[in-house]
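Only the coordinates and a few stated rules stand behind these numbers; no lab work does. Values in this document were obtained by computation on a predicted structure and should not be read as measured data. Here the Cβ positions follow ideal geometry from the backbone for every residue, glycine too, while neighbour counts run over all protein chains shown.
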Amino acid sequence: MKNILVTGGAGFIGSNFINYMVERHNDWYIINFDKLTYAGNLENLRSSENKNNYHFVKGDINNSELLEFVFNKFNIKYVINFAAESHVDRSILGAEVFIRTNILGTNTLLEIARRNNIEKFLQVSTDEVYGSLGADGKFSETTPLSPNSPYSASKASADMLALSYNHTFGLPVVVTRCSNNYGPLQFPEKLIPLMIINALNNKKLPVYGDGMNVRDWIYVLDHNKAIEKVFEDGSTGEIYNIGADQEMPNIEIVKLILKKLGKSEDLIEYVKDRPGHDRRYAIDSTKIQTKLDWKPEHKFEDAISYTIDWYLNNKEWWERIISGEYLQYYQEQYGNI
Ligand code: NAD
Ligand code: TYD
C-alpha cells in the first residue's frame, strides 16, 4: 500500500485527481489534506468519500503540528502538493495569503516531509512561473523563471524551495509545470466556467483587454494522468512541463462557448485589462512525452463540449457556489470537520 498525502484535494484539479485515482489504484491510500478555503469543496469528492482507500483531513499546510501528527498516524511516504491559492486576479487584490500558503505552506510541508524520510514529494506547479511569451516560442524546462504576477511569483518560489530541498537535503522532489486546465469542478472564477455560467444566466461575459491573450489549454484528466506518470516514474530533482499544444486567444474560447450554448455575441463585454496581464503562454512538453511516454488524450473540441455539458447538467453545484449557499449547505451536510 502506498500512503499518499494529497494536499488541496478538495479543489478543482486535486478532486479530479482523487476521484480518478481512488478507482484506479487499489494499492494507493489517499489522505486528502485540505484547508477548505473558498475554493475547496467536499461535494467534489462525493464519488470518493465512501471508498476505503480514501480519507479526508481538514487542515492547513502551514500547521506543522497537525501535519506531523498526520504523517505519523498514516505513515505517509508520499506527498503530492496541489494546495495553493490559485487565482491570479485575487493575487493582484492581495498577495499575502498567496505567500502564506504557496510559499510558507510549501516550506512547512517540505520540512515535515524531510523529517519523515519520505520516498517522493511531487510539487504541482504551473507554466506561469516562466512569465510571458511573444508571438513565437514555447516554454521548456530550461526557460529561465520570470514570473509576473504575485500568484506566479509565489509558485516560482515554491518550486525553487522544493528543488533546494532536493539539492541540499536529498529530499526526493519532482516538479510538474502545467498549462491552463479546464474541465468539470473548476471554481467559477476562472475563464471557462465563468463564461459558461454567465452565458447561461444571460449575464455579460467580461473579456479583459483586447481578448487576444493566448493560453495553452489542457483537459484536467490529461494533466492528472501526467502527474500520475511523474509520480510513478519521474526522476528525482527533475522538472516536467505538461501541456497539450492547444493554444487559443481568450476571445475565441468565449465565442466558442456562446456558439455552443446558442447565445448571442452581444453578451461579450470588453473590460479594463488585468494589470500586468501575461500575453501568451505555450508549453513544450517534449520531455515528459519522450522520457515518460505520456501524451494528452483529449482533443479540445471534444473536451470543451463535454465540459460545457457538465456545467449544464450540474447547475446545483455552481448555483450553490455563486449564491453563497455553499457554506451553509456544507455545514448541514458535513458538520464542523
Ligand atoms: P483550486 O484553487 O481549485 O484548489 C486549491 C485547493 O487548495 C482548495 O481545495 C483549497 O481549499 C486548498 N488550499 C488552499 N490553501 C490551503 C492551505 N493553506 N492548506 C491546505 N489546503 C489549502 O486550485 P486548482 O486549480 O485545483 O490548482 C491546484 C494546483 O495546481 C495549484 O497548486 C495550482 O497552482 C496548480 N496549477 C493549476 C492550474 C490551473 O489551470 N488551474 C494549472 C497549472 C497548475
Ligand atoms: P484565468 O482563468 O484567470 O487563468 P490564468 O490567468 O491563470 O491564465 O484566465 C485565463 C485568461 O482569461 C487570462 O488571459 C485572463 C482572461 N480572463 C478574462 O478575459 N476575463 C475573465 O473574467 C477572467 C477570469 C479571465
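Loop only per DSSP, at most 11 neighbouring Cβ atoms within 10 Å: give me the trypsin sites (Lys or Arg not before Pro) in segment 235-277, ordered by residue number. All intermediate terms of the calculation are to be shown ahead of the outcome.
On the way: sites: Lys255, Lys259, Lys260, Lys263, Lys272; in loops: Lys263, Lys272.
Answer by residue number: Lys272.
Over the Cα atoms of segment 164-283, what is the Rg over Rh ratio if Rh follows Kirkwood? Could you put the intermediate results ahead of the total?
Details: Rg = 17.7 Å, Rh = 16.3 Å.
On the Cα set of segment 164-283, Rg over Rh gives 1.09.
Rg/Rh for segment 232-303 to two decimals, with Rh computed the Kirkwood way over all alpha-carbon pairs.
Details: Rg = 17.2 Å, Rh = 15.5 Å.
Ratio of gyration radius to Kirkwood radius: 1.11.
Collect residues whose amide H, placed 1.01 Å from N in the peptide plane, falls under 5 Å from the amide H of Tyr270; neighbours closer than 5 in sequence don't count.
Close amide H contacts, sequence-distant or interchain: Val207.
Can you give the Rg to Rh ratio for segment 23-109, taking only C-alpha atoms and Rh from Kirkwood?
Details: Rg = 14.2 Å, Rh = 14.3 Å.
Dividing the radius of gyration by the Kirkwood radius yields 0.99.
If each of Glu252 and Asn63 carries a label point 7 Å out from its Cα toward its Cβ, how far apart are those two points in nm?
Going by the 7 Å Cα→Cβ label model, 4.5 nm.
In what sequence do Met248, Met195, Met1 fall when counting other Cβ within 10 Å, fewest first? Mind dumping the intermediate values first?
Working: Met248 17, Met195 27, Met1 11.
Ascending Cβ contact count within 10 Å gives the list Met1, Met248, Met195.
Can you tell me what the convex hull of the Cα atoms of segment 173-213 projects to on average, as an area in nm²? Walk me through the numbers on the way to the answer.
On the way: hull surface 17.6 nm².
Value for segment 173-213: 4.4 nm².
Any idea what the alpha-carbon Rg over 2.2 N^0.38 Å comes to for segment 94-242?
Details: Rg = 17.0 Å, N = 149, 2.2 N^0.38 = 14.7 Å.
Output field value: 1.16.
Quick one: what Rg and Dmax do you get for segment 23-73 from the alpha carbons, in Å?
Looking at segment 23-73, its Cα Rg and Dmax stand at 12.0, 32 Å.
Let me check the size of segment 84-144 from its C-alpha atoms; what are the radius of gyration and Dmax in Å?
Expressed in Å, the Cα Rg and Dmax of segment 84-144 come to 15.0, 46.
If I histogram all Cα-Cα distances within the chain using bins 20 Å wide from 0, what percent of pairs lands in each bin?
Computed distribution, short to long bins: 31, 61, 8.
I'd like the GluC sites (Glu not before Pro) in segment 264-308 restricted to DSSP loop residues with at most 13 other Cβ atoms within 10 Å, sorted by number. Could you put the intermediate results ahead of the total?
Numbers: sites: Glu265, Glu269, Glu297, Glu301; in loops: Glu297.
Passing sites in segment 264-308 are Glu297.
Select from Asn313, Asn26, Ile13 the residue farthest towards the positive end of the dipole of the chain; place +1 on Cβ of Lys and Arg, -1 on Cβ of Asp and Glu, and compute about the Cα centre.
Comparing the listed Cα positions along the dipole, Asn26 ranks first.
Taking the Cα atoms of segment 125-164, report the difference between the largest and smallest coordinate on each principal axis, in whole Å and largest first.
Projected onto the principal axes, the Cα atoms of segment 125-164 cover 31, 20, 13 Å.
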